[in-house]
Ligand SMILES: Nc1ncnc2c1ncn2[C@@H]1O[C@H](COP(=O)(O)OP(=O)(O)O)[C@@H](O)[C@H]1O
Ligand SMILES: [Mg+2]
């Protein structure tokens, strides 16, 4: 579903990604694990179109994403939950969830919102509350609901556990499992390998803008442990 070949991302003189190649198959959940500065967000942001790639190729569903706007990528079926959640703090929960649905077919969005309300009761309970009155964990639920409000085929999740207490890591994990049950393909990043490895099919270990290892959860668990990501 997603094929990234020799992707290079640079910020001025800083090379954030050196020729990174990864693949995500339909129906899989794939993890990019690595410490701060490894290049995880740069990769996610290149896929959604927030940072330009210097070279390399990103293909989604057989289409080359080069030159396509973020909105066009979203319309193709890519959902995005940014690092640090970045909810619109003064907007209500409902407004946050609806904010990414502009330009998407109304009927499909309506049907999907019913699923979101059922799956994430918080979205109903806190519908009118400004997002900045919510806890970090609650905001992450809102960010997830917003990211899937258009029923994306591929969901990009950048560090969904960042700064959250264990109870919220569990709840966010449950929410991710619901999305998996629904058939959503997921590419997620984390520094915290232990809870993330419980959710995924495969993982890539990133460091200094490169993929250092890739493999099944079992193969990666040992590496991640050795590299102290756990
Ligand atoms: N906007 C930016 N301007 C300059 N350097 C950046 C910017 N964003 C990220 N970097 C650098 O790129 C590298 C990779 O960062 P990032 O992709 O954010 O890693 P991660 O998400 O794994 O923490 C780091 O060295 C970081 O300092
Ligand atoms: Mg990051």
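Just so it is clear, none of the values below were taken in a lab; they were calculated from the coordinates. Only a predicted model underlies this, so the values are computations on that prediction, with no experimental measurement involved. Every residue, glycine among them, receives a Cβ derived from its backbone with ideal geometry; neighbour counts consider all protein chains shown.
Computed quantities for the displayed model
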| quantity | calculated |
| --- | --- |
| Check on residue 81, touching a strand residue (DSSP E or B) at 6+ places or on another chain (Cβ under 6 Å), within 14 Å of ligand 1 (Cβ to nearest atom) and within 30 Å of residue 168 (Cβ to Cβ) | yes |
| Residue that is farthest from the chain's Cα centre (by Cα) [pool: residues in the range 42-57 that are surrounded by fewer than 22 Cβ atoms within 10 Å (Cβ to Cβ) and near ligand 1 (Cβ under 9 Å from one of its atoms)] | 51 |
| The range 4-40, residues that are over 21 Å from residue 80 (Cβ atoms), more than 8 Å from ligand 1 (Cβ to nearest atom) and not in a strand (DSSP E or B) | 13 |
| Residues of the range 106-152 satisfying the condition of being in a loop (DSSP other than H, G, I, E, B) and surrounded by 12 or more Cβ atoms within 10 Å (Cβ to Cβ) | 120, 126, 127, 129, 134, 148, 149, 150, 151, 152 |
| Residue in the range 67-79 that is within 16 Å of ligand 2 (Cβ to nearest atom), outside any loop (DSSP other than H, G, I, E, B) and surrounded by 23 or more Cβ atoms within 10 Å (Cβ to Cβ) present | no |
